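K.L.:
Supplied in structure tokens, the structure appears directly below.
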Amino acid sequence: MTIRTIIITGVDGFVGRHVAATARSRGLRVVGIVRGSLDPADRLHDELDKWVSADLTEGWPDVSGDAVVHLAGLAAVGASFGEPQVYIETGSAIVTHMCESLLRSPKGVTRIVGVSSGAVYASGGDTPLDETSPIAVTSPYVISKLLLESQFAYYASRGLDVVVARPFNHIGPGQGSGFLVPDLIANMRSLSPNAELAVGDLGTARDYTDVRDVARAYLDLLVVPRHDQLIYNVATGTARTGHEILGEIAAAMGLPVPSVAVDRGRIRPGDARRVVGDAARLMRETEWTPRIDFSQSIRDAVAAAI
């Protein structure tokens, strides 16, 4: 299977930008799909050979490529509690329009990498979660991802070559607000001397992969000659607490670690205490392994937020 041109949905998002840059570094042509428009000054233009604007909940645009990395959709778990049906409908509609269109007229597309989430798993405590681990429906976001996976399994049975990635939490340069690392960086910058930092539960631990390693994983799944399974975890196998993250951010900013005050309103219902992933299946079938050190990810995130 030869991949020369890839289509990236949601290319202007946090992960999409890194997938585009990584693809270009591998000599691939990149066609990006955005919902709105790209500012002429946006540096993403340097990574794209072509871009189109389309509301993917309404239909699939007239684009051609050898493969698709599907990232478009709603990404924040917390926000899904306030708009549950929007999350469910948005993700489902996009997959339906894309896959039905590619079934009718594939235009050279040989593989789709669809992105789900490691958030679909029940908490495993200290036990790393692999692709056979129990599932827990803990948020509308998770419901939307499980629906996406079911749709992709259906379209795989219809003849599309589909791979589903389940990435655990990811961090790195360019992540927007609404996620732990960028929010802590912004709040640290605005914190008055000797003031307490308002936080959620920093005692919970998650498996954080650098976004650039995540981008490599998606492209490795895209180009591997064959895949034995539908679903592949993307994870480091190490969990970090929010306290560890705050310490790394403070060190990167050259500041002392502030005292914290827990804001109960920032704690999500049913939040697991510890989640760590097992990506052995991905490592076994591709050459992927996480390369970027956790501390480096935090330093780069802080530097990019200046």
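Derivation of every value follows stated rules applied to the coordinates shown; laboratory data play no part. As the structure is a prediction and not an experimental result, all values here were calculated from the model. Methodologically, a virtual Cβ is constructed for each residue, glycine included, from the backbone with ideal geometry; neighbour enumeration extends over all protein chains shown.
K.L.:
So if I place +1 on the C-beta of Lys and Arg and -1 on the C-beta of Asp and Glu, and nothing else carries charge, what would the dipole magnitude of segment 63-142 be about its Cα centre? I want it in debye, nearest 20.
P.N.:
Details: 3 positive and 7 negative charges, 67 e Å.
Roughly 320 debye, rounded to the nearest 20.
K.L.:
OK, next. ³J(HN,Hα) across segment 122-129 via Karplus (A = 6.51, B = -1.76, C = 1.60, θ = phi - 60°), whole Hz, x for Gly/Pro?
P.N.:
Values, residue by residue: 5, 4, x, x, 7, 7, x, 8 Hz.
K.L.:
Something else about it: At q = 0.12, 0.14, 0.15 Å⁻¹, what log₁₀ I(q)/I(0) does segment 105-221 have when each alpha carbon counts as one equal point scatterer in the Debye sum?
P.N.:
Per q value, in the given order, log10 I(q)/I(0) is -0.59, -0.76, -0.85.
K.L.:
Springs between alpha-carbon pairs under 10 angstrom, Gaussian network model over the chain: which of Ser64, Ser101, Ser25 fluctuates most?
P.N.:
Result for the chain, Cα springs under 10 Å: Ser25 fluctuates most.
K.L.:
Lys/Arg Cβ at +1, Asp/Glu Cβ at -1, dipole of the chain taken about the Cα centre: which of Ala156, Ala122, Leu191 is farthest positive-ward?
P.N.:
Value: Ala156.
K.L.:
When the Debye formula is applied to the Cα atoms of the chain, each taken as the same point scatterer, what base-10 log of I(q)/I(0) results at q = 0.06, 0.09, 0.10, 0.15 Å⁻¹?
P.N.:
At q = 0.06, 0.09, 0.10, 0.15 Å⁻¹ the computed log10 ratios are -0.19, -0.44, -0.54, -1.25.
K.L.:
Give, in whole angstrom and from largest to smallest, the semi-axes √(5λ) of the equivalent ellipsoid of segment 1-130, with λ running over the eigenvalues of the Cα gyration tensor.
P.N.:
So the three semi-axes of segment 1-130 are 25, 18, 17 Å.
K.L.:
Please rank Leu148, Leu282, fewest neighbouring Cβ atoms within 10 Å first, as an exposure proxy.
P.N.:
Placing the least packed residue first, the sequence is Leu148, Leu282.
K.L.:
So what does the Cα-only Debye profile of segment 1-65 read at q = 0.14, 0.18, 0.28 Å⁻¹, as log10 I(q)/I(0), no solvent term?
P.N.:
-0.36, -0.60, -1.31
K.L.:
I've got another one for you. Place a +1 charge on the Cβ of each Lys and Arg in segment 232-275 and a -1 charge on the Cβ of each Asp and Glu, then give the dipole magnitude about the Cα centre in debye, rounded to the nearest 20.
P.N.:
200 debye
K.L.:
Collect residues whose amide H, placed 1.01 Å from N in the peptide plane, falls under 5 Å from the amide H of His170; neighbours closer than 5 in sequence don't count.
P.N.:
HN-HN under 5 Å from His170: Thr209.
K.L.:
Follow-up question, since we're still on this one. Taking only Cα atoms and a 10 Å spring cutoff, compute GNM fluctuations for the chain and point out the largest among Asp42, Asp271, Asp126.
P.N.:
Answer for the Gaussian network model of the chain: Asp42.
K.L.:
Right, here's the next one. Could you give the distance between the Cα centres of segment 179-222 and segment 82-130, to the whole Å?
P.N.:
Each part reduced to its Cα centre gives a spacing of 23 Å.
K.L.:
Going toward the positive end of the dipole of the chain, with +1 on Lys and Arg Cβ and -1 on Asp and Glu Cβ, which of Ile245, Ile33, Ile171 do you reach last?
P.N.:
Of the options given, the answer is Ile33.
K.L.:
Placing +1 at every Lys and Arg Cβ and -1 at every Asp and Glu Cβ, with all other atoms neutral, what dipole size does the chain have around its Cα centre, in debye to the nearest 20?
P.N.:
For this selection, approximately 340 debye.
K.L.:
What value does segment 98-152 have for Rg/Rh, both radii from Cα atoms and Rh as Kirkwood defines it?
P.N.:
Working: Rg = 14.7 Å, Rh = 13.1 Å.
Using only Cα positions, Rg/Rh for segment 98-152 is 1.12.
K.L.:
Please give the direction-averaged projected area of the C-alpha convex hull for segment 214-303, in square nanometres with one decimal.
P.N.:
8.0 nm²
K.L.:
Would you mind telling me which residue in Ala235, Ala79, Ala20 has the biggest mean-square fluctuation in a Gaussian network model of the chain, where springs connect alpha carbons within a distance under 10 angstrom?
P.N.:
So, out of Ala235, Ala79, Ala20, the one fluctuating most is Ala79.
K.L.:
Per the Cauchy relation, a quarter of the hull surface: what is the mean projected area of the convex hull of the alpha carbons in segment 130-283, in nm²?
P.N.:
10.3 nm²
K.L.:
Roughly what percent of Cα-Cα pairs across segment 241-282 reach past 17 Å? Walk me through the numbers before you get to the answer.
P.N.:
Working: 471 of 861 pairs.
Within segment 241-282, distances greater than 17 Å cover 55 percent of Cα pairs.
K.L.:
Quick check on the exposure proxy: order Val214, Val95, Val63 from fewest to most C-beta atoms within 10 angstrom.
P.N.:
Val63, Val95, Val214
K.L.:
If I take R0 = 25 Å and measure r between the Cβ atoms of Asp183 and Ser25 in this structure, what FRET efficiency does the formula 1/(1 + (r/R0)^6) give, to the nearest 0.05? Each step should come with its number before you reach the end.
P.N.:
Working: r = 29 Å, r/R0 = 1.18.
For R0 = 25 Å, the calculated efficiency reads 0.25.
K.L.:
Let me ask something additional. Which cross-chain or sequence-distant (5 or more) residues have an amide H under 5 Å from the amide H of Ala198, H modelled 1.01 Å from N in plane?
P.N.:
HN-HN under 5 Å from Ala198: Ala261.
K.L.:
Of all GluC sites (Glu not before Pro) in segment 215-306, which ones are in loop regions per DSSP and have a Cβ with at most 14 other Cβ atoms within 10 Å?
P.N.:
Those satisfying the criteria are Glu287.
K.L.:
Here is a follow-up. Alpha carbons only, please: Rg and Dmax for segment 70-167, in angstrom.
P.N.:
In order Rg, Dmax, the Cα atoms of segment 70-167 give 14.1, 46 Å.
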